[in-house]
Amino acid sequence: MEKGKILDLQAISVSFDGFKVLDKLDFSLDYEELRFLIGPNGAGKTTLLDIITGKTPALAGKAIFNGKVNISSQSEHKLARLGIGRKFQTPSVFGSLSVYETLEIAVGFRDRPGRFFQKLKTEQVECIKETLEKIGLTRKARTPAGILSHGEKQWLEIGMLLAQQPQLLLLDEPVAGMTRQERDKTGELLQAISKNRTVLVVEHDMQFVRQFANQVTVLHQGQKLCEGPVQEVQQDPRVIEAYIGRKREKAA
Amino acid sequence: MVKAKVPTKEILAFRFLPVIAMLGLLAAPLVLSDFRLSLLAKFLTYAIVALGLDLIWGYGGMLSLGHGVFFGLGAYGMAMYLKLEASGNRLPDFMGWSGVDSLPWFWVPFHNPVFAILMAIFIPALLATLLGYLVFRSRIQGVYFSIITQAMALIMVTLFIGQQPLTGGTNGMTNFSTVFGFSLADTGVQVVLYFVTVACLALAYLLCRWLMHSRYGRLLVASREDENRLRFMGYNPAPIKSLAFGVSGGLAGLAGALFVLQVGLITPSAMGIVPSIEMVIWVAVGGRGTLWGAVLGTLLVNYGKSTFSETFPEIWQYFFGALFIGAVLLFPGGIAGFVRNMLDRVFVKASPPKEIPVPVDRNPSGKELESGVEVT
């Protein structure tokens, strides 16, 4: 057990129908680190997030959260309550619940079941109001989440995470399919929420990565190809090799 | 499915509808004949089932095709008490025919009517909760859940028919005489039972309303919309869904107990697959997702069923079938969905709500397409 690591994965392997998606992967994150995860399609990025959130069990290896929690022995909802939050690639909000009701569910996630039948505490209501301000949806609090625009749904998802204040935050392509303005606003939101917590972002948008990343991990065929500051990684011949046949990074 | 918001004033007007309906039901004994009144009472017990079914299907997205079982269990619980009461100190008649010479142990406490009524609610609720928990814990959803409930209905009917010495077999239980010492044949007693049924329906309605307006109700809807997302937010959907299923089962059991008091008969065929599906049809016609829709649908469908069967005894089932096909094709949201659409049209035209999203082209130049896809 290493001290000072919020997440420590050792020799994690996952395979689907004999195909190795992750192959003896070692991966760790420090407290309050902002890390980007890139790699070609099929590199195992989303599977890695699935492992960390308990969605997919690892075939072999050890996954330790916060120095003591063995991830593979916990179910998804328990991991979420322990402080692992995740934003999905496609915005998945509850279509017929309003923005306010969605945040209500988010904020009450650690309440004991008996409280589900009572009103929210004052500080919880305050938290919802603050969150609405931060994500700029105060005016749409009563709107069903299903009729929000794509960008607004993404912000609502970020708001759900803001309300839950996870210790470790996993974001799967947070700016995919967004317009430039939406992307800028999302970037600001992300910077705001990455304070005081560890954030792991899976992203394809290199411009976005350059804008925010300091540490980047490149995955390729289920293994860690390289890790380091973004400029260094971009120059790495192995990374360029992995992306060969695809559009090369213009700046490189 | 997105529910558009009706302006608040209209919602307030809507609030009075259940009260008006309640007053109408309370006045019914003044205008209806004894026969019609007992028919209405029977429909009202069905409406209690529909409320519970709407809870799990309309709000929770779990379509149960075996709710007849919970209804039947409640009915049998009540019938056991009535049968013992009617038999006096002797064994129930059907036990004698099957060669049973002493009362089976689990029958004994059913001498007590309060125990019988409590069991009529508790046992179906417990069965539903346990079955629900096992199914939902294994993340079985959608059509697979429906198939399991249907299998349960089949198993239960077979079990009740097979255990003739204990349950009365195919013939079920009938020939009841008194309840709490009052004769069931007495008109006054029937009117009292009618009022009891109305009260139970009102309580069931209030219970469901309270549940669905609480945060729990929202969690149930969230589990319908995206169970996995709810999981990653730190909630375990299995107990949330099992509770709804349990409440639904308990309500069906209560309805079954009241049904036996009204009708004086329970047979295994009342808990099988066909009656279970009929229950689903009541909710579908009424409109799932609204409690009053479920109640209204039940009353209308059953009224239609009895009218058709009186007027056209030979071909009424075709009318009935046509009614369902028509309702499903023309009003997929049921009566409630239709009424809501009409209201929305009227009121949205009159005063457009502020929350209608206006699609804005935020990026007329289309510039974002050039950036951000270097590495894919």
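The values are calculated or read from the model by the stated rules, or taken from the named source; none is laboratory data. Owing to the predicted nature of the structure, the values given are computational and were not obtained by experimental measurement. All Cβ positions, even for glycine, are placed from backbone atoms using ideal geometry, and neighbour counts span all protein chains on display. Surface accessibility is based on the protein's heavy atoms, side chains included, excluding ligands, DNA and RNA. Shrake-Rupley method; radii C 1.70, N 1.55, O 1.52, S 1.80 Å.
Results, tabulated for the structure shown:
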{"item": "At R0 = 35 Å, FRET efficiency that the Cβ-Cβ distance of B:Arg90 and B:Val196 yields, to 0.05", "result": "0.75"}
{"item": "Positive-pole candidate from B:Gly142, B:Met233, B:Leu184, dipole of chain B, charges at beta carbon", "result": "B:Met233"}
{"item": "Pairwise FRET efficiency - B:Val31 versus A:Ser73, Cβ, R0 = 60 Å, nearest 0.05", "result": "0.35"}
{"item": "Solvent exposure of chain B as accessible area per residue, Å², 1.4 Å probe", "result": "48"}
{"item": "Contour excess over end-to-end distance, with Cα ends at B:Ile155 and B:Leu203 and 0.36 nm allotted per residue", "result": "14.1 nm"}
{"item": "Shielding by partners, peptide A:172-182 (average Cβ within 10 angstrom, other chains)", "result": "3"}
{"item": "Expected 222 nm ellipticity per residue - DSSP helices of 4 or more, -39500 (n - 2.57), all of chain B, to 500", "result": "-23000 deg cm²/dmol"}
{"item": "Fraction of accessible area attributable to carbon and sulfur, chain B (%, probe 1.4 Å)", "result": "69"}
{"item": "Interface area, A with B, accessible, probe 1.4 Å, both sides summed, Å² nearest 100", "result": "4400"}
{"item": "Cβ crowding within 10 Å averaged over residues, with A:142-152, A:228-238, B:292-302, B:44-54 ranked highest first", "result": "B:44-54, B:292-302, A:142-152, A:228-238"}
{"item": "Complex-versus-alone comparison for segment B:225-249, residues with a loss of 20 Å² or more in accessible area, probe 1.4 Å", "result": "B:Glu225, B:Asp226, B:Arg229, B:Arg231, B:Phe232, B:Met233, B:Gly234, B:Tyr235, B:Asn236"}
{"item": "Residues listed by number, segment B:26-58, amide nitrogen under 18 Å from B:Ile20 label point at 7 Å toward C-beta", "result": "B:26-28"}
{"item": "Chain A - mean residue ellipticity at 222 nm from DSSP helices (-39,500 (n - 2.57) per run, n ≥ 4, rounded to 500)", "result": "-10000 deg cm²/dmol"}
{"item": "Among B:Gly168, B:Gly321, B:Gly289: highest mean-square fluctuation, GNM of chain B, C-alpha pairs under 10 Å", "result": "B:Gly321"}
{"item": "Count of Lys pairs (Cα-Cα under 27 Å; at least 8 positions apart or interchain) in chain B", "result": "10"}
{"item": "Model label zone, A:Glu241; criterion: amide N under 16 Å from point 7 Å along Cα-to-beta-carbon; scope segment A:184-220", "result": "A:218-220"}
